[in-house]
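Working notes, beginning with the structure itself.
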Amino acid sequence: MNINVLRAEELWQQAGAYYVRIQAMARQYHITLREEFDEYDSPEAKYIVLLDDEFPVATCRLYELSGEPVPTVMLGRVVVLPEYRKQGLGQRAVKEAEQWARELGYQKSVLESRDVAVGFYEKLGYEICDGQIIHGDTFDCIRMEKML
């Protein structure tokens with residue numbers, strides 16, 4: 001496995017992020033494209049894409065979260081293709097996104113973790129904010145944050 005990290009800033013690169021999300025989330029969990037792609041998949045959003053050679057296998061989305069006391073980024077849509085899971089790629093995608101966010105001047109990272117993934121994010125230094133469950137259309141999530 002030859003994993004390369006890409007900061008997807010061009011449309012063709014972002015297509016890799018979309019591919020991973022469609023294959024690993026929309027198909028696996030029967031999520032419609034309208035549900036998977038939201039208003040935050042905008043030209044301002046940034047994407048990390050992990051490639052096995054030139055094939056996209058993992059992704060993470062980041063965008064600015066306005067209205068916060070310190071410059072804050074929202075991480076989300078952390079997705080790894082099923083056949084590439086349990087190899088540290090999700091962790092690598094999050095760390096790469098955090099590094100990019102620091103370079104862009106963000107001081108805090110926030111995410112909404114699926115309830116089954118809280119332990120994954122805790123290992124990366126995230127803490128549960130208020131413990132309230134966010135009932136989404138597809139998954140129940142818990143808000144977590146970390147100072148960068």
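Counting only DSSP H runs of at least 4 residues, each contributing -39500 (n - 2.57), and dividing by the residue count of the chain, the helix-based mean residue ellipticity at 222 nm comes to -7000 deg cm²/dmol. Just to confirm, what accessible area per residue do you get for the chain at 1.4 Å probe, in whole Å²? Result: 56 Å² of accessible area for each residue.
Across the range 62-148, the fraction of Cα-Cα pairs farther apart than 18 Å, rounded to a whole number, is 43%.
On a C-alpha basis, how far is the centre of the range 1-75 from the centre of the range 100-144 in Å? Whole number, if you could? Cα centroid of the range 1-75 versus Cα centroid of the range 100-144: 16 Å apart. Once both labels are positioned 7 Å from their Cα atoms along Cα-to-Cβ, the gap between Glu68 and Thr32 label points is 3.1 nm. Under the simplified labelling scheme, the Val118-Glu103 pair shows an inter-label distance of 3.4 nm, with each label point 7 Å from Cα along Cα→Cβ. Rg of the Cα atoms in the range 1-65, relative to 2.2 N^0.38 Å, amounts to 1.09. Ligands, DNA and RNA excluded, the heavy atoms of Thr138 present near 60 Å² of accessible surface to a 1.4 Å solvent probe.
Once the gyration tensor of the Cα atoms in the chain is diagonalised, the equivalent ellipsoid follows with semi-axes of 22, 18, 16 Å, ordered largest first. Only Lys, Arg, Asp and Glu carry charge here, each on its Cβ (+1 for the first two, -1 for the last two); on that basis the chain has a dipole of about 400 debye about its Cα centre. By accessible area, using a 1.4 Å probe on protein heavy atoms only, the chain has 48% of its surface on carbon and sulfur.
The radius of gyration of the Cα set in the range 35-93, together with its Dmax, comes out at 13.1, 40 angstrom.
Estimated at the nearest 10 Å², the accessible area of Lys146 is 40 Å² with a 1.4 Å probe. Take the Cβ atoms of Ile128 and Ser42, set R0 to 22 Å, and the FRET efficiency comes out at 0.20. Please give the residues of the range 103-134, grouped as numeric ranges, whose backbone N is less than 20 Å from a label point set 7 Å along the Cα-to-Cβ vector of Arg85. Counting only backbone N, you get 112-124.
The mean sequence separation of alpha-carbon pairs under 8 Å and at least six residues apart, normalised by the residue count of the chain, gives a relative contact order of 19 percent.
The values are calculated or read from the model by the stated rules, or taken from the named source; none is laboratory data. Keep in mind it's a predicted model, so treat the numbers as computed, not measured. Here the Cβ is made from the backbone with ideal geometry for all residues, glycine too, and neighbour counts use every protein chain on show. Accessible surface is based on the protein model in full, side chains and every heavy atom, while ligands, DNA and RNA are left aside. Shrake-Rupley method; radii C 1.70, N 1.55, O 1.52, S 1.80 Å.
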